[in-house]
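The values are calculated or read from the model by the stated rules, or taken from the named source; none is laboratory data. Treat the numbers as computed from the prediction; the structure is a model and nothing was measured. No Cβ is skipped: glycine too gets one built from the backbone with ideal geometry, and neighbour counts run over all protein chains shown.
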Amino acid sequence: MGTPASLFRKTNSDRWILIFPLIGILALGFGVWFAYRSYIFTTTMPVYPAVVVGFVPQKTRSFYPVYELRLESGETIRAQSPIGERPPSNMIGDSVTVYYDRSDNSAQADSWVIFWLVPAILCSVGILFTGIGTLFLVMFR
């Protein structure tokens with residue numbers, strides 16, 4: 001009878017097999033890149049306790065939280081998050097921990113979802129597709 005791989009004829013249409021490992025490698029590469037950016041951001045930005053004081057609605061129907069925080073100098077400032085949420089994950093008056101970026105006066109809540117969900121999904125998909133693609137290449141080549 002033959003092996004499972006010998007049941008399929010090798011033709012030019014076998015190029016579809018390369019799609020899985022290529023998608024996997026791309027997803028893995030983007031996942032590592034996003035993880036690196038999150039790591040650099042979370043290790044270099046100062047962390048402050050803050051209070052949610054409002055939300056700025058945008059045309060995309062997302063709400064951008066506004067935080068009030070006190071710097072080391074004692075100055076109290078308000079900073080808006082660059083990432084909108086729908087629905088908002090916090091209510092006005094909630095205490096949160098934020099990373100504050102002085103260069104653009106923005107504050108980002110310390111949240112695993114915001115910093116690590118996209119890299120985790122991309123790396124998982126990358127590993128899965130690379131593994132399946134490698135298996136296909138070994139079986140059907």
*If you take the residues of region 82-141 that are within 14 Å of the chain's Cα centre (by Cα) and among the aromatic types (F, W, Y), which of them is farthest from V66 (Cα to Cα)?*
W116
*Which residue out of V52, V47, V32 is more than 30 Å from I19 (Cβ to Cβ), of a type outside the set (K, R), touching a Pro at 6+ places or on another chain (Cβ under 8 Å) and in contact (Cβ under 8 Å) with a residue 40 or more places away in the chain?*
V52
_Please verify whether I25 is modelled with pLDDT under 80 and either more than 17 Å from S106 (Cβ to Cβ) or over 21 Å from the mean Cα position of the chain (by Cα) (or both), treating the condition exactly as stated._
no
